[in-house]
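Encoded as structure tokens, the structure appears first; notes follow it.
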Amino acid sequence: MAKLTLTRNIDAPDDFYAELIAAHEGLSKAESDALNARLVLTLANHIGDRAVLTEALAVAKSAG
Amino acid sequence: MSKIFETPLYPYERSPDQEAVTPVRHKVVVIGAGPIGLGLAIDLALHDVPVVVLDDNDKVSFGSRAVCYAKRPLEILDRLGCGAPMVDKGVEWNLGKVFFDQRQIYDFNLLPEDGHKQPAFVNLQQYYFEDYMVARVRELQAEGKRIELRGGNKVVAIGDHPDHVHIEIETPEGPYELEADWLIACDGANSPTRRMMGLDFVGKVFEDNFLIADVVMEADFPTERWFWFDPPFNRGQSALLHKQPDNVWRIDFQIGWDIDRKEELKPENIDRRLRAMLGPDIKYELEWSSIYTFQCRRMERFHKGRVIFAGDAAHQVSPFGARGANSGLQDTDNLAWKLKLILDGTAPETLLDSYDAERIHGADENILNSTRSTDFITPKSEISRIFRDAVLDLAEAHEFARPFVNSGRLSVPAIYDGSPLNTPDGLDGGPERSRPGAPCPDVPLGAGYLLDRLGGGFTILSIDCEAEEAVTEGGVTATRLALSTKDDPTGALAQRYLGTAPSAVYLIRPDQHVAARFPEYDVQQIRFAIRRATGKE
């Protein structure tokens, strides 16, 4: 069964979203891409659970 | 430059076979006197199977070529009686460093486990390797073993018949013909045998080139494997530095896809690269240079009729993982004893299907690892490079990212999980690493080692329990090796073979892989396991 959290899970979502956008401020496209990649890897390691990661990839792929 | 390249080691000599009116029949003919062909021939000779090796050349390979040998192949070579000179001459190493741009981002230690006779890795030029193997062939000949090396013998045609193979050979003195019960092609990645038989070789060619420069120099680099991603001296590409004996250094430069090979191989252009890397004042001598492309391919099946393929002829992988010669030696290790039993009539010819099953499993593992390394070293899309660089940027400060760094996943022995020759694991609490299909882990025993005590045949290894001294089933004899944890001062025997079990009986194949294991001796179980391991169940 699904182990990936797909219901709201972050307190003060507006704050986090602003922080995410702010982190990219002033960066070139290449620098932003690199930041996103480092972020994905860091978060993926924190999650660790391979089934959750596979599910997350599927969710991200199907939403686009 | 070493004279070893130039001395004919097995010069052409006229064979009495060339006078024969009808082609002489041999049991086994091997094509190719490289590391794999020689390894197989020595193994067969030790099993008292007469063997003829044909090679169109008569010297060791030109240039260092394969340089990195892992523990398992060293164990196989030791069983063949030529491991000691290789380890003595070879450069042992355990440390690797990875650089990104100008910075060292991390280092790794292979941390070899104690209590093994063989080291984790040695580096040794292929020409030494072949030289020691030819010396071993001469030694066996002196002992009366029927092993023959025919230089200047080029195979030009092959006919595969139901009960034999017909071979047409060209020599400096004209053509002759031979027949063989079995023909083993160990003739390399461009295998002429494979081509003559019109067989496939399917896989991936990576659009990138690497320049090898093997240089002789006095340098104070440590005996470590150094790998650079995107270094200042080779922008946007990678590079590798690794030590070999006699102050020979292996240097690889990634140089991209659209290159002029002839131009790149000019000494002045190689010199420019070397000085950019090592400094303007270095003194060196270029021993060998070459350009290669990463390829990951294999044959669909490793034998067809009476023609069997081994080593690069059957499968090819990118380097940087030490998976070429190392996996080829595991092929011959797997094949020799099976051929012996088939020729003796104590196993059915279908036993060869297990060679395919086990070694294709091994080849696929190597191809998977090698493909992944190649994708990391030479990212083929923008996003692939972005993630690669992200990993490298994170790895310096954060431990979690280091396992993603892939500068080559070094060769580990294949475990034949799911092999049709395995008897299901019967040892509750037995260690995972010595499960059926696994190669036996070595263990120190008094002054020697366990692997030295496993003979060339089947072994019944009993630990802390009774067993018969020998069991013969269908013409195949397994001989007992009785061990006790009372004689296990390091505890390695218990740890590597018992786990939490109080006692164990292992059936071990001639290639030192575990066929079956049980908590105690039961002759019916051993008989079943022998039948199964010889393709009769």
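Somewhere in region B:192-204, is a residue under 23 Å from the mean Cα position of the chain (by Cα) and among the aliphatic types (A, V, I, L, M)?
Within region B:192-204, one or more residues are under 23 Å from the mean Cα position of the chain (by Cα) and among the aliphatic types (A, V, I, L, M).
Of all residues being in a loop (DSSP other than H, G, I, E, B) and within 14 Å of another protein chain (Cβ to nearest Cβ) in region B:373-385, which is most open to solvent (accessible area, probe 1.4 Å)? Just the residue, please. It would help to see each step written out before you state the result.
So the first thing to find is which residues in region B:373-385 are in a loop (DSSP other than H, G, I, E, B), and the list is B:378-381.
Now restrict to residues that are within 14 Å of another protein chain (Cβ to nearest Cβ): B:379, B:381.
Numbers: B:Pro379: 16, B:Ser381: 54 Å².
Residue satisfying both the conditions and the ranking: B:Ser381.
What residue, among those in region B:197-244 that are without any contact (Cβ under 8 Å) to a residue 60 or more places away in the chain and aromatic (Phe, Trp, Tyr), is least open to solvent (accessible area, probe 1.4 Å)?
This residue is B:Phe233.
Could you grab me the full set of residues in region B:296-321 that are closer than 30 Å to B:Phe221 by Cα and touching a residue at least 60 places away in the same chain (Cβ under 8 Å)?
Residues of region B:296-321 closer than 30 Å to B:Phe221 by Cα: B:317-321.
The answer is B:Ser318, B:Pro319, B:Phe320, B:Gly321.
Which one of these is open to solvent by 50 Å² or more (accessible area, probe 1.4 Å) and not aliphatic (A, V, I, L, M): B:Arg261, B:Arg194? Spell out the reasoning first.
Working: B:Arg194 fails: open to solvent by 50 Å² or more (accessible area, probe 1.4 Å).
Within the list B:Arg261, B:Arg194, the selection yields B:Arg261.
Restricting to region B:315-344, name every residue that is open to solvent by 10 Å² or more (accessible area, probe 1.4 Å) and assigned to a loop (DSSP other than H, G, I, E, B).
B:Val317, B:Pro319, B:Phe320, B:Ala322, B:Arg323, B:Gly324 - these are the residues of region B:315-344 that are open to solvent by 10 Å² or more (accessible area, probe 1.4 Å) and assigned to a loop (DSSP other than H, G, I, E, B).
Looking only at region B:386-424, how many residues end up being within 14 Å of chain A (Cβ to nearest Cβ), among the aliphatic types (A, V, I, L, M) and open to solvent by 50 Å² or more (accessible area, probe 1.4 Å)?
Here is the first cut: in region B:386-424, the residues within 14 Å of chain A (Cβ to nearest Cβ) are B:386-406.
This time we only want the ones that are among the aliphatic types (A, V, I, L, M), so: B:386, B:390-392, B:394-395, B:397, B:401, B:405.
With the extra rule that they be open to solvent by 50 Å² or more (accessible area, probe 1.4 Å), the set shrinks to B:397.
Result for region B:386-424: 1.
Yes/no matrix, rows are residues, columns are (1) open to solvent by 30 Å² or more (accessible area, probe 1.4 Å); (2) among the basic types (Lys, Arg); (3) in contact with a Gly (Cβ under 9 Å, 6 or more places away or on another chain):
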residue: B:Phe5; (1), (2), (3): no, no, yes
residue: B:Tyr12; (1), (2), (3): yes, no, yes
residue: B:Asp17; (1), (2), (3): no, no, no
residue: B:Thr22; (1), (2), (3): yes, no, no
residue: B:Lys27; (1), (2), (3): yes, yes, no
residue: B:Ile36; (1), (2), (3): no, no, yes
residue: B:His47; (1), (2), (3): no, no, yes
residue: B:Val53; (1), (2), (3): no, no, yes
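Just give me the residues in region B:194-229 being in contact with a Ser or Thr (Cβ under 7 Å, 6 or more places away or on another chain), of a type in the set (A, V, I, L, M) and within 17 Å of B:Gly279 (Cβ to Cβ), in sequence order.
B:Ala213 - this is the single residue of region B:194-229 that is in contact with a Ser or Thr (Cβ under 7 Å, 6 or more places away or on another chain), of a type in the set (A, V, I, L, M) and within 17 Å of B:Gly279 (Cβ to Cβ).
Looking only at region B:278-288, which residues are open to solvent by 40 Å² or more (accessible area, probe 1.4 Å) and in a strand (DSSP E or B)?
Initially, region B:278-288 is screened for residues open to solvent by 40 Å² or more (accessible area, probe 1.4 Å), giving B:280-281, B:283-286.
Across region B:278-288, the qualifying residues are B:Glu285, B:Leu286.
Of all residues in region B:92-126, count the ones that are of a type in the set (Gly, Ala, Ser) and in contact with a Gly (Cβ under 8 Å, 6 or more places away or on another chain).
0
Go through region B:421-463 and give me each residue that's closer than 15 Å to B:Asp511 by Cβ and part of a loop (DSSP other than H, G, I, E, B).
Within region B:421-463, B:Leu421, B:Asn422, B:Pro436, B:Gly437, B:Ala438, B:Cys440, B:Pro441, B:Asp442, B:Leu454, B:Gly455, B:Gly456, B:Gly457 meet the criteria.
With B:Asp353, B:Asp344, B:Asp312 as the choices, which residue is under 12 Å from the mean Cα position of the chain (by Cα) and either at pLDDT 95 or above or of a type outside the set (Gly, Ala, Ser) (or both)? So that I can check it myself, show each step before the final result.
On the way: B:Asp353 fails: under 12 Å from the mean Cα position of the chain (by Cα); B:Asp344 fails: under 12 Å from the mean Cα position of the chain (by Cα).
So the residue among B:Asp353, B:Asp344, B:Asp312 that is under 12 Å from the mean Cα position of the chain (by Cα) and either at pLDDT 95 or above or of a type outside the set (Gly, Ala, Ser) (or both) is B:Asp312.
Scan region B:423-443 and report the pairs whose first residue is closer than 10 Å to B:Ala504 by Cβ and whose second residue is open to solvent by 50 Å² or more (accessible area, probe 1.4 Å) and β-branched (Val, Ile, Thr), with Cβ atoms within less than 7 Å and a gap of 6+ or a chain change.
B:Gly429/B:Thr500
Filter region B:105-114 for residues that are of a type in the set (A, V, I, L, M) and either part of a loop (DSSP other than H, G, I, E, B) or closer than 30 Å to B:Pro11 by Cα (or both) and give the result.
So the first thing to find is which residues in region B:105-114 are of a type in the set (A, V, I, L, M), and the list is B:105, B:110-111.
Of everything in region B:105-114, those that are of a type in the set (A, V, I, L, M) and either part of a loop (DSSP other than H, G, I, E, B) or closer than 30 Å to B:Pro11 by Cα (or both) turn out to be B:Leu110, B:Leu111.
Can we say B:Arg433 is out of contact with any strand residue (DSSP E or B) (no Cβ under 6 Å at 6 or more places or on another chain), at pLDDT 95 or above and either assigned by TED's automatic domain parsing to the domain that holds B:Ile342 or within 23 Å of B:Ile76 (Cα to Cα) (or both)? Spell out the reasoning first.
Numbers: out of contact with any strand residue (DSSP E or B) (no Cβ under 6 Å at 6 or more places or on another chain): yes; at pLDDT 95 or above: yes; either assigned by TED's automatic domain parsing to the domain that holds B:Ile342 or within 23 Å of B:Ile76 (Cα to Cα) (or both): yes.
Judged against the criteria, B:Arg433 is a match.
Filter region B:155-173 down to residues that are touching a residue at least 60 places away in the same chain (Cβ under 8 Å) and either open to solvent by less than 70 Å² (accessible area, probe 1.4 Å) or within 29 Å of the chain's Cα centre (by Cα) (or both), then give me how many there are.
Total satisfying the criteria: 9.
When the residues of region B:125-154 are narrowed to those that are part of a loop (DSSP other than H, G, I, E, B) and modelled with pLDDT of 95 or more, which ends up surrounded by the most Cβ atoms within 10 Å (Cβ to Cβ)?
Residues of region B:125-154 part of a loop (DSSP other than H, G, I, E, B): B:125, B:143-146, B:151-153.
Then drop every residue that is not modelled with pLDDT of 95 or more, which leaves B:143-146, B:151-153.
On the way: B:Glu143: 9, B:Gly144: 6, B:Lys145: 20, B:Arg146: 15, B:Gly151: 20, B:Gly152: 20, B:Asn153: 29.
Checking each candidate, the answer is B:Asn153.
The values are calculated or read from the model by the stated rules, or taken from the named source; none is laboratory data. Source: prediction; values computed, not measured. All Cβ positions, even for glycine, are placed from backbone atoms using ideal geometry, and neighbour counts span all protein chains on display. Keep in mind that these areas ignore ligands, DNA and RNA; they rest on the heavy atoms of the full protein, side chains included. Shrake-Rupley method; radii C 1.70, N 1.55, O 1.52, S 1.80 Å.
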